[in-house]
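The values are calculated or read from the model by the stated rules, or taken from the named source; none is laboratory data. None of the values given here were measured: they were computed from a predicted structure. Heads up, the Cβs are rebuilt from the backbone with ideal geometry, glycines too, and the neighbour counts pull from every protein chain shown.
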Amino acid sequence: MAGRTGFALAGLAAVLAAGASLIPSGVAAQSAETAIFAGGCFWCVESDFDHVAGVLDTTSGYIGGQNQNPTYQNHPGHVEAVKITYDPKRVSYDQLLDVFWHSVDPTDAGGQFCDRGHAYTTAIFATDQSQVQKAKASKAAIAKDLPKVVTPINSAPTFWPAEGYHQDYYKKNALKYKYYRFSCGRNARVRDVWGDKAYQGIKDAMG
């Protein structure tokens with residue numbers, strides 16, 4: 001009898017443990033929200049937002065172009081962008097907007113830093129109407145600090161993840177990435193544009 005009781009209790013404990021393990025991940029998935037920003041090289045945008053408290057995940061990809069399943073060699077009309085999954089209890093969309101503006105040059109319509117062309121231009125891709133309104137308000141606010149702001153605000157079409165070798169590039173190829181970022185002049189130009197506000201909200205900002 002004792003053996004059967006012990007087996008039953010062990011089984012119950014296993015079921016409860018399994019259920020408990022499912023709850024946190026489900027809750028996290030339900031509470032997480034998404035933001036999509038284009039800010040030039042997606043390696044750099046991914047790196048910057050990975051250093052923001054409350055950001056859970058970043059994915060480099062392509063958005064806004066003409067073809068499905070774009071690749072690095074074939075993405076006409078697309079821009080490089082990063083999809084950011086975040087915990088709204090720890091960081092708000094407004095705060096992410098603030099980080100975005102202060103980590104790019106929103107006055108440059110031709111690209112970002114050494115990367116030129118449409119694929120490297122800045123943009124905000126809103127996932128719902130609330131994000132559209134917040135992005136527009138944020139853009140109006142920073143326009144008080146800058147002579148011109150050319151970054152468009154668009155409703156987000158399909159986001160296409162980039163090839164695997166682009167994901168976490170700044171971690172997997174740290175030395176090459178740091179050299180690229182420095183030689184491209186990204187940090188220097190952001191500081192020229194924003195002064196003391198450069199990389200606002202980013203922990204351990206690059207450079």
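Please determine whether any residue of segment 92-99 is of a type in the set (D, E, K, R), at pLDDT 95 or above and surrounded by 15 or more Cβ atoms within 10 Å (Cβ to Cβ). Yes: segment 92-99 contains one or more residues that are of a type in the set (D, E, K, R), at pLDDT 95 or above and surrounded by 15 or more Cβ atoms within 10 Å (Cβ to Cβ).
Output the residue which, of all residues in segment 173-204 that are part of a loop (DSSP other than H, G, I, E, B), on the phi < 0 side of the Ramachandran plot and crowded, with 17+ Cβ neighbours inside 10 Å, is modelled with the highest pLDDT.
Restricting attention to segment 173-204, the residues satisfying the condition of being part of a loop (DSSP other than H, G, I, E, B) are 173, 185, 198-204.
Narrowing the set further to residues that are on the phi < 0 side of the Ramachandran plot leaves 173, 198, 200, 202-203.
The next check asks that each one be crowded, with 17+ Cβ neighbours inside 10 Å; those that pass are 198, 202.
Working: Ala198: 97, Ile202: 94.
If we take residues in segment 173-204 being part of a loop (DSSP other than H, G, I, E, B), on the phi < 0 side of the Ramachandran plot and crowded, with 17+ Cβ neighbours inside 10 Å, then Ala198 is modelled with the highest pLDDT.
Of all residues in segment 54-84, none satisfies the criterion of being within 15 Å of His166 (Cβ to Cβ), in contact with an Asp or Glu (Cβ under 9 Å, 6 or more places away or on another chain), in a loop (DSSP other than H, G, I, E, B) and not hydroxyl-bearing (Ser, Thr, Tyr).
For the structure I just gave you, tell me whether Lys89 is of a type outside the set (S, T, N, Q) and assigned to a loop (DSSP other than H, G, I, E, B).
Taking the combined requirement at face value, the residue satisfies it.
Of the candidates Ala135, Ala119, the single residue that is in contact with a His (Cβ under 8 Å, 6 or more places away or on another chain) and either without any contact (Cβ under 8 Å) to a residue 60 or more places away in the chain or small (Gly, Ala, Ser) (or both) is Ala119.
Yes or no, residue by residue, for (1) buried (at least 16 other Cβ atoms within 10 Å of the Cβ); (2) in contact with a helix residue (DSSP H, G or I) (Cβ under 6 Å, 6 or more places away or on another chain):
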site: Ala35; (1), (2): yes, yes
site: Tyr72; (1), (2): no, no
site: Glu80; (1), (2): yes, yes
site: Arg90; (1), (2): no, no
site: Ala123; (1), (2): yes, no
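Per the conditions (1) under 20 Å from Cys44 (Cα atoms); (2) assigned to a loop (DSSP other than H, G, I, E, B), the sole criterion not satisfied by Asp145 is (1). Conditions first: (1) in contact (Cβ under 8 Å) with a residue 12 or more places away in the chain; (2) over 22 Å from Lys83 (Cβ atoms); (3) surrounded by 13 or more Cβ atoms within 10 Å (Cβ to Cβ). Ala156 passes all but one, so which condition is the exception? Among (1) in contact (Cβ under 8 Å) with a residue 12 or more places away in the chain; (2) over 22 Å from Lys83 (Cβ atoms); (3) surrounded by 13 or more Cβ atoms within 10 Å (Cβ to Cβ), the lone unmet condition for Ala156 is (2). Check whether at least one residue in segment 37-53 is of a type in the set (Val, Ile, Thr) and farther than 17 Å from Trp160 by Cβ, and report yes or no. There is at least one residue in segment 37-53 that is of a type in the set (Val, Ile, Thr) and farther than 17 Å from Trp160 by Cβ. Between Asp168, Asp115, the distinction of being within 26 Å of Ser92 (Cα to Cα), surrounded by 14 or more Cβ atoms within 10 Å (Cβ to Cβ) and out of contact with any Phe, Trp or Tyr (no Cβ under 7 Å at 6 or more places or on another chain) belongs to Asp168 only.
Here is a check on your reading of the model: is Thr85 touching a Leu at 6+ places or on another chain (Cβ under 7 Å) and touching a residue at least 12 places away in the same chain (Cβ under 8 Å)?
Numbers: touching a Leu at 6+ places or on another chain (Cβ under 7 Å): yes; touching a residue at least 12 places away in the same chain (Cβ under 8 Å): yes.
Yes, satisfied.
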